């Protein structure tokens, strides 16, 4: 199954264009032994004794939907037609077998409801990306949003399930215990919906993927032409160009046929409302029962990063623009309130957009009513009468499902997939606020050990670059924040500021490429983010609990690029761990392939044959190997490590102590549970060793510490 997104290694904060769904290796619950390991997929009633949280606790969290936020209008939850129940896919990693436990769950929307597992099994469905510029399909390891679909009569649920590497459309009875495969697609199914009469499942796939792969197989016999399809970091096989056309098919739920038919034009409309084209997020627009409407609209429609404004239509059909400041940027959710006859919307506001606030606005009225706000995270909210059913998180509370009174903020828990965390000792979290030199407001969460000694100075670890909701492992989930705190570290989880380009008053960019060119000039975006992190560290140090000589730094993707910039241009950090590397003159434009080079050239990068040290000096780890002092750990996916070899070689020769690990079969976001657990553990050991002079006495780690002691003895002053 193929999905498509925009991906830029060095600026992952921006520009995701989703169009399809990706590949997975390994199976889940396919044997009796694996079924046994998945016996606790639904949480039990056992109450754990109070203890410190561990990396294993975080690695084995039960998840509803992908980690982090979700695109606007997308939800992992599905509300039944009668509004009394919800369905969702529940997933739990099992690092010991490098697999996932997964099942379809139904729970009633009432207090003390018992969750029911109506199917179990399947593999993790991941998102495949298509570069908006390069047009090439790549797998980056991100889990897809797999929202179930209720039948019109509410007795069955359709969903996507992947087995033996192929995603198909399945259905399960609401009161059953196992599901049934319905589709017979030769390629991955990307979206599924019910026909209006409930007799068939309508699904979308891309059969042309078969022929595209066959073409590459034939080309391999005479040699692959090295052209814009080539991305050396991914191997010698050319990438497939997208987008590939969608095909719409139908599978009758009662049929025993092994073949499916083409969907009729009328049947296709069911998928048009929810299909792959909507994966980036639905437009924010709602309709009331009497024809009232609410929507957001760009003030400058053809401008990238245009300000947005809330509009509405009353029941007489008159259109109104809300002129109040709270009706502008930051709106991320919208629903119709029958109780108030008004548009209910959710907006990011507060310092740096750190809070979520609910408002009510009646089209034709001047100002909206501010209802209530939260520092936590609400995602995937669905309206149920005048309540919202949401996935809710807090800094110490993993995601759970709640029924929310959107007027008051009062909530009741519908399902908590991780009740064990109520008994774990989590870090103490303090929200901090600051501005960077450009005047951008942003924020971070300072996490201290649960029982830190008063008056003691602690080592600090900085993680990037989102800090909303449960403080898990930061972007990419490789740096276990609360497990760090349990080891005696303070952790500063930072939120990145707005893009530098937004500070330019003359900005009138039609695409993100235009804005990115402004960001790259003089590395202004990198300075924008890095200076914000420095300001955040200074704010944390002002609390009096941080040892300024023992500060560690982490980063993945855009965060890794920022980490290198900070190591080159500051002396704040005593040890570093990164998940991605690097922007160096000899490898960056070459190892990414010709299309990557063309894209970078459009942003202002010099040609690979141009000797331009002034351009690279501020950002290249290889060129600054002698400048970087603190030890560096690199834990890299196998399809990205080639871009790190220039820096790694320079570090080995003249740079800081360095160790590099490669994770086979992994991608930009590392999805394999065993890999994530190993990365967690090694990051904890690395920072303990270099910042706390502490070692784990486990015999199997003796060789690791022997290597690190040799690195320490060879360390340059």
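Readers should treat all values here as calculations from the given coordinates under stated rules, not as data from a laboratory. Fair warning: this is a prediction, and the values are worked out from it, not measured in the lab. Note: ideal-geometry Cβ built from the backbone for every residue, glycine included; neighbour counts use all protein chains shown.
Quick look at the numbers
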| item | result |
| --- | --- |
| Label-point separation, residue 709 to residue 338 (7 Å along Cα→Cβ), nm | 7.2 |
| The stretch 436-692: mean projected area of Cα convex hull, nm² | 14.0 |
| Descending principal axes extents, the stretch 285-421, alpha-carbon based, whole Å | 52, 34, 23 |
| Prolate/oblate/rounded call for the stretch 492-622, Cα gyration tensor, a/c under 1.5 rounded | oblate |
| Percent RCO, i.e. relative contact order, over the chain, from Cα pairs under 8 Å lying at least 6 residues apart | 12 |
| Residues 209, 460, 90, sorted so that the one with the fewest Cβ neighbours within 10 Å comes first | 209, 90, 460 |
| When the convex hull of its Cα atoms is projected in every direction, mean area for the chain (nm²) | 32.2 |
| Percent breakdown of C-alpha pair distances by 5 Å bin, ordered from the shortest bin, for the stretch 492-541 | 5, 20, 26, 20, 13, 9, 5, 2, 0 |
| Relative contact order, percent, the stretch 301-386 [alpha-carbon distance under 8 Å, six or more residues apart] | 23 |
| Angle between the chain longest axis and helix 702-713 axis [Cα atoms, degrees, rounded to 10] | 50 |
| Rounded D (µm²/s) - the stretch 649-688, Kirkwood Rh over Cα pairs, Stokes-Einstein at 37 °C, 0.692 mPa s | 277 |
| On Cα atoms only, tilt of 645-654 relative to the major axis of the chain in degrees | 20 |
| Least to most buried among 700, 393 (fewest other Cβ within 10 Å first) | 700, 393 |
| Global geometry of the stretch 149-308, whether rounded, prolate or oblate, following the gyration tensor of its Cα atoms and the 1.5 cut on a/c | oblate |
| 632, 413 arranged by Cβ crowding within 10 Å, fewest neighbours leading | 413, 632 |
| Rounded if a/c under 1.5, otherwise prolate or oblate - the stretch 216-372, Cα gyration tensor axes | oblate |
| For the stretch 480-559 and the stretch 54-128, distance of Cα centres in Å | 31 |
| The stretch 436-692 - percent relative contact order, Cα under 8 Å, separation 6 or more | 18 |
| For peptides 154-163, 480-489, 225-234, 374-383, sequence by mean Cβ density within 10 Å, most packed first | 480-489, 154-163, 374-383, 225-234 |
| Residues in the stretch 237-255 reached by a label modelled at residue 266 [backbone nitrogen below 19 Å; 7 Å Cα→Cβ] | 248-254 |
